[in-house]
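The values are calculated or read from the model by the stated rules, or taken from the named source; none is laboratory data. Everything numeric here is computed off the predicted structure, so don't read it as measured data. Every residue, glycine among them, receives a Cβ derived from its backbone with ideal geometry; neighbour counts consider all protein chains shown. In case anyone asks, the SASA skips ligands and DNA or RNA and just uses the protein heavy atoms, side chains included. Shrake-Rupley method; radii C 1.70, N 1.55, O 1.52, S 1.80 Å.
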Amino acid sequence: MMNPGAIDMEIDDPRPVPEPTLLHASLDGAAKRVGIFSQPDLPLTDPSVLSAPTMLKVERLNLFYGEKQALDDINLQVARNSVTSFIGPSGCGKSTLLRCLNRMNDLIDDVRIQGRVMMGDTDIYAPGTDVIALRKRAGMVFQKSNPFPKSIFENVAYGLRIQGQGDRVVLEEAVERSLKGAGLWEEVKDRLKDSAQGLSGGQQQRLCIARALAVRPEIILMDEPCSALDPIATARVEELILELKREFTIVIVTHNMQQAARVSDHTAFFWMGKLIETGLTEKLFTNPGHRMTEDYITGRFG
Amino acid sequence: MSRLAERFRQGGVFVWLSATVLAFCLAMIIGLVGYIAAKGMGYFWPSPLVQVQTPDGPILGEITGQQPTHGEEPAKTQFRVGNRDIYGQDFRWVPTADLSAPEFPKDALLIERLEYGPFIGRIVSLSHDGQPVATGPAAITEAASRLPETLRIRRHIQSIEKGQVGDLNRRIERIRLARRKLEEGRDASALQALDAKAAALQTTYDELQTSLEQSRSESKAWILGLQTVDGQTRDLPLGSVVRMVPANAMNRFDKLGVYLSRLWEFLADDPRESNTEGGIFPAIFGTVMMVLVMSVLVVPLGVITALYLREYARQGWVVRAVRVAVNNLAGVPSIVFGVFGLGFFVYSLGGTIDQLFFSDSLPTPTYGTGGILWASLTLSLLTVPVVVVATEEALGAVPRSQREASLAMGATKWQTLWNIVLPSATPGILTGLILAIARGAGEVAPLMLTGVVKLAPSMPLDGTFPFFHLDRKFMHLGFHIYDVGFQSPNSEAAKPMVFMASFLLLLVVVILNLFALNLRRKLRERLGGSTF
Ligand SMILES: Nc1ncnc2c1ncn2[C@@H]1O[C@H](COP(=O)(O)OP(=O)(O)OP(=O)(O)O)[C@@H](O)[C@H]1O
Ligand SMILES: [Mg+2]
């Protein structure tokens with residue numbers, strides 16, 4: 001479906017996809033994680049997944065909901081240990097693309113996907129890919145917090161439990177580590193047995209982040225994680241993202257330009273299912289390469 | 001006019017209308033339950049014994065009914081005169097105009113006995129082994145003081161008959177079966193060993209019988225001399241007296257005592273006299289147990305069906321057709337389910353089980369005849385649509401976001417269903433179960449074909465191995481109502497029993513439902529309702 005001729009006049013000069021700058025990619029950290037993922041979840045244990053500077057590579061991706069095309073020839077790279085933000089007007093396909101990265105779109109009937117999404121040298125859409133293993137490596141945080149109707153402890157321990165981990169000590173250790181990682185430990189350490197649905201909205205969202213951290217994924221995909229939070233809770237989550245960047249690769253969808261500017265290293269701007277521009281956040285916000293980008297980030301869009 | 005239109009627009013009219021309809025429904029329900037309760041509960045209260053003169057001689061009994069003048073027909077009064085063994089029937093209608101002024105003699109008695117319904121009259125003497133012990137009023141006091149002892153002996157006899165004798169019978173039967181098997185093999189020494197065992201058992205049996213006989217004759221030694229109001233006499237062994245009620249000589253507390261003891265007998269004892277007297281405990285027990293077994297069967301059946309329909313099956317016309325079919329099952333008349341249960345479960349399934357596992361005792365069927373298992377299975381088929389529908393709704397109500405959260409953690413579909421979806425759906429599933437219980441507990445027709453009997457010799461749950469006897473026939477309150485009310489020779493006397501049994505059936509359903517409701521409430525609390 002690569003058909004440059006069909007692209008809108010205004011974006012007839014799509015810039016080459018810039019090579020992502022390597023920010024914190026240390027082979028050291030990658031090697032540490034090899035141990036965790038030594039389970040035979042081939043082909044995703046491909047060593048390149050664990051060490052390559054580019055975590056994800058989206059190549060010529062097209063997605064159709066029935067007859068309707070939602071993503072149009074997307075080419076994109078996500079660097080390891082960086083924060084990449086997706087911005088763009090509502091309905092432009094940000095969530096759709098995000099959900100392609102851990103194959104959550106498989107759950108929707110009538111979806112057709114063309115193109116490749118590479119994790120290291122492995123195509124996650126190749127037939128025979130272990131989707132379960134993939135999703136363990138690419139955790140997700142949703143726009144609306146969605147804790148399970150279980151205790152706080154069980155929420156965080158869920159991912160490990162479904163992997164068959166029953167050892168109380170291991171679980172307790174993992175829950176504490178994840179809650180600390182999500183900056184929630186101090187607030188809930190005395191009420192781990194209480195229902196998670198008794199937490200405030202902001203706490204719930206951080207609980208969902210903790211839940212995603214507990215299985216030690218490679219990537220965390222966040223779909224507007226702060227859209228339902230107040231400025232203070234938002235600030236906490238943003239701090240958290242910067243914190244988590246050291247260990248994880250993060251992709252975040254946001255409508256908040258300031259947020260994208262504050263937390264992300266790379267930004268991708270989408271419009272009507274197309275990737276208009278991508279690059280270093282600083283560059284994109286100070287010196288956008290495209291007029292549509294400029295219009296959008298300055299609020300003159302539409 | 002415009003004010004009316006305005007009120008119409010505001011909806012006030014509809015609020016009133018719906019409130020009125022609700023009140024009407026409530027009144028009907030309360031009226032129904034209240035009527036049944038009043039009719040049934042009043043039955044145990046001792047009524048005064050009225051003595052009147054008629055042209056045909058004196059009458060002593062309880063007044064049970066009045067009929068006003070009807071054209072030619074004069075007004076009539078109905079008496080319960082008892083003494084079925086003497087008069088032939090318990091009740092008598094007498095023209096009210098013929099009656100003298102009523103008297104309430106203090107020495108009149110109503111004696112509940114093991115046979116022929118109550119005796120109504122007077123005690124004239126008490127004798128022991130043919131020797132008179134007391135006469136007149138002294139005989140009443142003496143008999144009253146002797147009664148607890150005879151009651152105790154009777155209980156003792158009953159418990160031996162039911163427990164030890166039954167146990168011995170079963171063991172002898174088992175030896176007989178083993179013998180039959182061995183006879184084919186012609187193993188002489190084993191046969192001899194068995195015979196020795198059988199002989200030993202037989203001696204124990206005989207000993208037991210003699211001691212029983214002794215107790216029986218002991219309880220027959222005390223004889224009451226009775227006299228009816230018109231002078232006929234009868235002898236009655238004290239051992240067959242259940243209760244003596246000198247209603248006219250009793251104060252309120254005595255009557256309350258009688259009331260409670262009758263109520264207790266009704267709830268806790270076995271029936272007597274082709275079910276028209278005594279208690280209905282086996283029927284209560286049978287009903288509860290059948291509903292429990294049905295619940296245990298219907299929940300997995302319904303939930304698994306709904307899970308497949310909702311979560312796994314490809315949503316297309318096939319699934320839609322299946323869904324319609326399942327829902328229509330709920331509309332099939334229950335007797336049709338009974339016929340199916342008889343044909344498929346009892347004859348085919350049960351017959352096959354007997355051939356495979358219980359061939360020793362054939363031609364006596366074990367599972368090849370009606371039993372609580374088949375009855376429960378039939379009822380669970382009858383009620384499964386309710387559970388399927390409720391479960392499907394409950395599954396559909398589990399937020400998509402929670403399923404996605406679980407799947408995004410790397411859970412499989414099954415793990416998501418088991419850990420997230422099903423727990424959230426449990427309250428809804430329980431709603432289905434509650435409806436199923438309400439429907440199932442009241443069904444009678446299919447049970448008559450698949451295992452309910454008028455009088456079951458033993459309960460489906462008892463102290464002998466393997467404790468649950470799912471092959472046994474059982475008694476059921478609904479059938480009991482039908483049987484006592486419409487099939488018994490003495491249905492007039494059994495009328496209050498019908499009301500009481502109906503009331504109990506309602507009570508059983510309500511209590512079972514309360515359990516399920518409580519369970520659901522607890523689960524809801526654990527799941528936590530609030531989002532913030
Ligand atoms: N399940 C679906 N079935 C059909 N069409 C869909 C589905 N989900 C999304 N779409 C369509 O795909 C397009 C992209 O949707 P998407 O949710 O990715 O937008 P978005 O950029 O995340 O928007 P927002 O910022 O409002 O969340 C929209 O036009 C939407 O209508
Ligand atoms: Mg979105």
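Worth pointing out:
- Note on the range A:82-124: residues that are outside any strand (DSSP E or B), away from ligand 2 (no atom under 16 Å from the Cβ) and open to solvent by 10 Å² or more (accessible area, probe 1.4 Å) total 6.
- Selection count, the range B:460-487, where residues are assigned to a loop (DSSP other than H, G, I, E, B), surrounded by fewer than 20 Cβ atoms within 10 Å (Cβ to Cβ) and modelled with pLDDT of 75 or more: 2
- Residue among A:Arg137, A:Arg103 that alone is within 16 Å of ligand 1 (Cβ to nearest atom) and within 13 Å of chain B (Cβ to nearest Cβ): A:Arg103
- The listed residues are A:Ile241, A:Ile209, and the only one of them that is under 19 Å from A:Ile152 (Cα atoms) and either within 16 Å of ligand 1 (Cβ to nearest atom) or assigned to a helix (DSSP H, G or I) (or both) turns out to be A:Ile209.
- Residue among A:Val263, A:Val253 that is within 15 Å of ligand 1 (Cβ to nearest atom), within 15 Å of the chain's Cα centre (by Cα) and away from chain B (no Cβ under 14 Å): A:Val253
- The one condition in (1) part of a loop (DSSP other than H, G, I, E, B); (2) within 30 Å of B:Ala494 (Cβ to Cβ); (3) not hydroxyl-bearing (Ser, Thr, Tyr) that B:Gln315 fails to fulfil: (2)
- Residues that are more than 7 Å from chain B (Cβ to nearest Cβ) and open to solvent by 20 Å² or more (accessible area, probe 1.4 Å) within the range A:140-152 comprise A:Gln143, A:Ser145, A:Lys150, A:Ser151, listed in sequence order.
- Test: A:Glu224 is surrounded by fewer than 23 Cβ atoms within 10 Å (Cβ to Cβ), under 29 Å from A:Gly181 (Cβ atoms) and more than 16 Å from ligand 2 (Cβ to nearest atom): no
- Residues in the range B:391-410 that are within 9 Å of chain A (Cβ to nearest Cβ), of a type in the set (A, V, I, L, M) and within 22 Å of B:Pro427 (Cβ to Cβ): B:Ala405 only.
- Checklist (1) within 14 Å of another protein chain (Cβ to nearest Cβ); (2) touching a helix residue (DSSP H, G or I) at 6+ places or on another chain (Cβ under 9 Å); (3) not aliphatic (A, V, I, L, M) applied to A:Trp185, failing item: (1)
- Top-ranked residue in the range A:153-196 [being hydrophobic (A, V, I, L, M, F, W, C) and surrounded by fewer than 16 Cβ atoms within 10 Å (Cβ to Cβ); ranked as nearest to A:Thr249 (Cα to Cα)]: A:Val170
- Residue in the range A:65-76 that is away from ligand 2 (no atom under 16 Å from the Cβ) and in contact with a Phe, Trp or Tyr (Cβ under 6 Å, 6 or more places away or on another chain) present: no
- Qualifying residue in the range A:145-153 (condition: outside any helix (DSSP H, G or I), of a type outside the set (A, V, I, L, M, F, W, C) and within 16 Å of ligand 2 (Cβ to nearest atom)): yes
- Within the range A:107-131, restricting attention to residues that are within 19 Å of A:Glu218 (Cβ to Cβ) and free of Cβ contacts under 8 Å to residues at least 40 places away in the same chain, the residue that is farthest from the other protein chains (Cβ to nearest Cβ) is A:Asp123.
- Of the candidates B:Ile420, B:Ile429, the single residue that is touching a helix residue (DSSP H, G or I) at 6+ places or on another chain (Cβ under 7 Å), part of a helix (DSSP H, G or I) and within 7 Å of chain A (Cβ to nearest Cβ) is B:Ile420.
- In the range B:84-105 there is no residue that is within 13 Å of B:Gln51 (Cβ to Cβ) and surrounded by 21 or more Cβ atoms within 10 Å (Cβ to Cβ).
- Restricted to the range A:78-100, and to residues there that are more than 7 Å from ligand 1 (Cβ to nearest atom) and among the basic types (Lys, Arg), the residue that is nearest to A:Glu243 (Cα to Cα) is A:Arg80.
- Which listed residue is within 30 Å of the chain's Cα centre (by Cα) and assigned by TED's automatic domain parsing to the domain that holds B:Phe515, from B:Leu433, B:Leu417, B:Leu422: B:Leu433
- Which numbered condition A:Ile232 misses (of (1) closer than 26 Å to A:Thr278 by Cα; (2) away from ligand 2 (no atom under 16 Å from the Cβ); (3) away from every other protein chain (no Cβ under 14 Å)): (1)
- Residues that are within 16 Å of ligand 1 (Cβ to nearest atom) and either assigned to a strand (DSSP E or B) or in contact with an Asp or Glu (Cβ under 7 Å, 6 or more places away or on another chain) (or both), drawn from the range A:212-231: A:Leu221, A:Met222, A:Asp223
- Of the residues making up the range B:32-91, those that are over 20 Å from B:Ala108 (Cβ atoms), in a loop (DSSP other than H, G, I, E, B) and in contact with a helix residue (DSSP H, G or I) (Cβ under 7 Å, 6 or more places away or on another chain) are B:Pro55, B:Pro74, B:Ala75.
- Within the range A:146-164, the set of residues being touching a helix residue (DSSP H, G or I) at 6+ places or on another chain (Cβ under 6 Å) and away from ligand 1 (no atom under 16 Å from the Cβ) comprises A:Pro147, A:Phe148, A:Pro149, A:Ile152, A:Phe153, A:Asn155, A:Val156, A:Ala157, A:Gly159, A:Leu160, A:Ile162.
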